[in-house]
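Only one structure is covered here, and it is reproduced in the block below.
The values are calculated or read from the model by the stated rules, or taken from the named source; none is laboratory data. Nothing here was measured: the structure is a model prediction, and the numbers come from that model. Methodologically, a virtual Cβ is constructed for each residue, glycine included, from the backbone with ideal geometry; neighbour enumeration extends over all protein chains shown. These accessible areas exclude ligands, DNA and RNA; they are computed on the full protein's heavy atoms, side chains included. Shrake-Rupley method; radii C 1.70, N 1.55, O 1.52, S 1.80 Å.
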Amino acid sequence: MRFRSTVAAVLVVAVGLVAGAVALVALLRAELTDDVRQVAGARAERVASVIEAGRGVPSLTVADRDEQFIQVLDAEGRVVAASANVEDLPALAAPDGDSESRITTPLDEDEFLVVAVTADGPDGPESGKTVLVGRALIAVAESTQIVTRLLLVGLPLLLVLAAGATWMAVGRVLAPVTAIRTEVEAISSAELHRRVPLPSGRDEIARLAATMNRMLDRLERSQSAQRRFISDASHELRSPVASIRQHAEVALAHPGSTTQERLAGTVLAEDVRIQHLVDDLLLLARADEDALRPQLHQVDLDDLVLDEARRLRSAGAGLRIGTTGVSAARLDADAQGLRRVLRNLGDNAARHARSQVAFNLAQEEDGRIVLGVEDDGTGVPPADRERVFERFVRLDDARARAGEGAAGSGLGLAIVKELVAAHGGTTTVSESSLGGARFEVSFPRP
C-alpha cells in the first residue's frame, strides 16, 4: 500500500509538473516572440511614417547587424533601400502588406521574424512602398532552451522529493496499522485480555483500533461466558452422575441395603434430570448460534396458560393457583416454545411461593400481549433482577430454602428470556402485588 500510494502520488505530480512545464515553455516562447514582434513592428512603423510624410527614405542603420535588418521595397517588390548588412541582397520576404513571416536569412542560420508594413505613396497604395523589418529569434530560442534545461533538471528532483515525502508521510500514517497488525498477530485465545494500541487523533485508523478493541472486549466476554458455562454445566452434570454412582456403589457393597426397584427409581430420576439438563443446554447453544427459529402459528395463549395452571394444581404442592386475571389472547407463536416458557415460569413461581401463585394475561391498548406470573414468596431484590436471567444463576435464598437439587439448574429463566426474545418479546421481573416476584412477558402486537 505504501509503494502503491507513492507511485500514484509521483505519477499525479509528474503529470501535473510536465503539463505545467510545457505550458510554461509555450507561454515563455509566445511572450518573447511577441516582444520581438512589437520591437520590429515599431521600427517598421517609424520608417513607414517618414516615407508617407514625403521626406524620402530615412537612414536605415541598425546597431545589431547580426540580429536585425531593414529593407524598403517598391510596389514591384524590388529593394529600393536597405540597411548596410543586407544592401546587396534581394527582398528577403514577400511584400504582403501588413503581415509577418519567419525566414532564415544569409546573415545567420538562425530564424528571423519579419514584419511588413505598407507606406502609401503620393498616388495611393499602388505607388506605395513596403517596409520589411526582421529581427532574429535567437534570444527567444536561447531563453526557452535555458528554461527547458532547468526544467529537465528540476522536474526529476521535484519528483524524487515528492516520492520521498509521500513515502515518509504514508509510512507515518501506516505506522499505527503496523502496530495494530503486530499486536493482533500476538493475540491468541489465551491472551484475549490484550488490546491493540490506540493512535492519537480521531481519524479512520483510530476508529479502526477502537472498533478492534471493542471486538476483543466482546470476544473476551464471550470466552469468559463460555468457560463459565462449561464449568457450570460440568458441575450440574456431575451431580446426577455422582448420585447414580453413589447409589450403585452402595448397592454393590451392601446388597441388602436397597432393592432393585429403589435403585432403578433413583437411576431413572437422575437420568431424567440429566436429560432435562442436556435439553436445556442444547437449546441455549442454539440460541447462542442464533439458530432459534420458532414455527409460527395462530396460538390461543390463554388456553396454554390454563393448561399450565392445571398442571401445577395436579402437582400436589398445596398451592393456590389463581387464573382469574387470564383473558383471551391470540398471537402468532411457536406453541411448544410458549409451553416451555409457561412451564419454566410456573415451576419457578411454585418453587418460591409460600401458598399462592397467580397467572394473568391481558392485551394492552397498544396491541401488546402481556403475560404475568406472580407468587407470594420473598421476591427478587432489585439488584438481582437483571442477573436472575443469566445462565446457572440461582439466588442464595433459593439454595438455602430448597436445597441445590430442588432449586433447579439455574437455566429455566435464561431459557425463558431466549425463547421470548426469539418471538420478539421482552422479559422483566418486578415486585408482585402478592408480596413476592412478578415475572412479566410482553409480546409485540400480533
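Structure summary
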item: Selection within the stretch 251-270 - assigned to a helix (DSSP H, G or I), open to solvent by 40 Å² or more (accessible area, probe 1.4 Å) and in contact with a helix residue (DSSP H, G or I) (Cβ under 9 Å, 6 or more places away or on another chain); result: 260, 262, 263, 267, 269
item: Criterion violated by residue 227 - all others in (1) within 30 Å of residue 267 (Cα to Cα); (2) open to solvent by 70 Å² or more (accessible area, probe 1.4 Å); (3) in contact with a helix residue (DSSP H, G or I) (Cβ under 7 Å, 6 or more places away or on another chain) satisfied; result: (3)
item: Answer residue from the stretch 1-34, given it is without any contact (Cβ under 8 Å) to a residue 12 or more places away in the chain and open to solvent by 70 Å² or more (accessible area, probe 1.4 Å) and is farthest from the chain's Cα centre (by Cα) among those; result: 31
item: Residue within the stretch 359-368 that is in contact with a helix residue (DSSP H, G or I) (Cβ under 7 Å, 6 or more places away or on another chain), closer than 30 Å to residue 248 by Cβ and open to solvent by less than 30 Å² (accessible area, probe 1.4 Å) present; result: no
item: Every residue from the stretch 315-368 that is part of a strand (DSSP E or B), of a type in the set (Lys, Arg) and over 21 Å from residue 417 (Cα atoms); result: 320
item: Failed criterion for residue 63 (all others in (1) touching a helix residue (DSSP H, G or I) at 6+ places or on another chain (Cβ under 9 Å); (2) at pLDDT below 75; (3) among the aliphatic types (A, V, I, L, M) hold); result: (1)
item: Odd one out for residue 192 among (1) exposed (fewer than 15 other Cβ atoms within 10 Å of the Cβ); (2) in a loop (DSSP other than H, G, I, E, B); result: (1)
item: Subset of the stretch 271-308 that is open to solvent by less than 50 Å² (accessible area, probe 1.4 Å) and at pLDDT 80 or above - its residue that is farthest from residue 320 (Cα to Cα); result: 294
item: Residue tally, condition out of contact with any Gly (no Cβ under 9 Å at 6 or more places or on another chain), closer than 23 Å to residue 378 by Cα and of a type outside the set (Ser, Thr, Tyr), over the stretch 316-350; result: 10
item: Residue within the stretch 339-349 that is touching a helix residue (DSSP H, G or I) at 6+ places or on another chain (Cβ under 6 Å), small (Gly, Ala, Ser) and surrounded by 18 or more Cβ atoms within 10 Å (Cβ to Cβ) present; result: yes
item: From the options 80, 72, 47, 57, residue that is modelled with pLDDT of 85 or more, closer than 14 Å to residue 128 by Cβ and open to solvent by 40 Å² or more (accessible area, probe 1.4 Å); result: 80
item: Residue under evaluation residue 179, criteria (1) modelled with pLDDT of 85 or more; (2) open to solvent by less than 50 Å² (accessible area, probe 1.4 Å); (3) under 25 Å from the mean Cα position of the chain (by Cα), criterion not met; result: (1)
item: Number of the condition not met by residue 353 [criteria: (1) hydrophobic (A, V, I, L, M, F, W, C); (2) out of contact with any Gly (no Cβ under 7 Å at 6 or more places or on another chain); (3) modelled with pLDDT of 90 or more]; result: (2)
item: Options 218, 245, 202: the member that is under 42 Å from the mean Cα position of the chain (by Cα), basic (Lys, Arg), open to solvent by 70 Å² or more (accessible area, probe 1.4 Å) and farther than 30 Å from residue 337 by Cβ; result: 202
item: Considering residues of the stretch 376-389 that are touching a residue at least 40 places away in the same chain (Cβ under 8 Å) and over 21 Å from residue 443 (Cα atoms) only, the residue most open to solvent (accessible area, probe 1.4 Å); result: 378
